[in-house]
Amino acid sequence: VHSHLRMTPEHPVLTRRGYVEAANLNKDDWVGLPRHAPQLGKMIQVADHVEMTRTMVKQTNTTYTRYAGVVGRAAINVQKAVLPDVIHLTKGFGRIVGLFLAEGNTDYAKIVWTFSIDEEHTLVAELVSLLKSELGIDAHVATKARNNTTKVSVYGIGWAKLFESLCSSGAGKKTFHPSLSCGSAEFLAAV
């Protein structure tokens, strides 16, 4: 016996007639449902997604100056946060993942969320607060008035690799790793 299911009208559902959009289901359709419910995950092991290297002394957050390399642009102080061994699948981390899926991307050494300048006091402030409280990261925020964007950046190759593993990167290429889909209902709702 399964509980009530909710889905979008275009969601494909396996029936005896084959895959049918949810909006076109009939009362007499037999619907294929999974035999076993997945185990609820409470955390992810970062080492499962990023090759972890250890040194004799555990490194703490480090600050370094990143030069723009362009005449007229100022250098910025960047905070690099060390990856934890585990990340708990909390409501707050779910929201970070959801915002990444909607507005994020990665490059070689950073994660960037790009928002409208109008979202500086709402989504940007929420994301910065969540990054600090959930992951211990002091994010870098840059507002560019000429293109009406505010960018939130997290520096570190490990962080970029982690989010690429969990969600991929780039418009139209994002995915949701199975280790995330096993999170609690509260985590998934926050995503």
message: Suppose the chain between Leu33 and Glu186 were pulled fully straight at 0.36 nm per residue; how much longer would it get relative to their current alpha carbon spacing?
response: 52.9 nm
field: Environment charge of Leu131, counting only residues whose C-beta is closer than 11 Å and scoring Lys/Arg +1, Asp/Glu -1
entry: -1
query: Can you list, largest first and rounded to whole Å, the semi-axes you get for segment 123-167 by taking the square root of 5 times each eigenvalue of its Cα gyration tensor?
result: 20, 14, 9
- prompt: What ³J(HN,Hα) values, in whole Hz, does the Karplus curve 6.51 cos²θ - 1.76 cosθ + 1.60 give for segment 148-153 when θ = phi - 60°, with x put for Gly and Pro?
  reply: 6, 10, 10, 10, 10, 10
query: What are the ³J(HN,Hα) values, in whole Hz, obtained from phi via the Karplus relation 6.51 cos²θ - 1.76 cosθ + 1.60 with θ = phi - 60°, for each residue of segment 112-126 in sequence order, with x given for Gly and Pro?
result: 10, 9, 10, 10, 5, 4, 5, 9, 4, 9, 10, 5, 5, 4, 4
Net charge, Thr149 excluded, C-beta distance under 12 Å - Lys, Arg +1, Asp, Glu -1: -1
- line: In whole Hz, the Karplus estimates of ³J(HN,Hα) for segment 127-143 (6.51, -1.76, 1.60; θ = phi - 60°; x where Gly or Pro) are 4, 4, 5, 5, 4, 6, 6, 8, 10, x, 9, 8, 6, 9, 10, 10, 10
Cut-off 14 Å between beta-carbons: net charge of the residues surrounding Asn105, Lys and Arg +1, Asp and Glu -1: +2
query: Calculated FRET efficiency, Ala23 and Leu101, Cβ-Cβ r, R0 22 Å, to nearest 0.05?
result: 0.35
field: Reachable lysines from Lys161, criterion Cα separation under 28 angstrom, eight or more residues apart if same chain
entry: Lys42, Lys58, Lys80, Lys91, Lys110, Lys132, Lys144, Lys151, Lys173, Lys174
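Any read-out appearing in this document is the output of simple, stated calculations on the displayed coordinates, not a laboratory observation. All of these numbers come straight from a predicted model, not from anything done at the bench. Because the Cβ atoms are built from the backbone with ideal geometry, glycine has one as well, and the counts that use them run over all protein chains shown.
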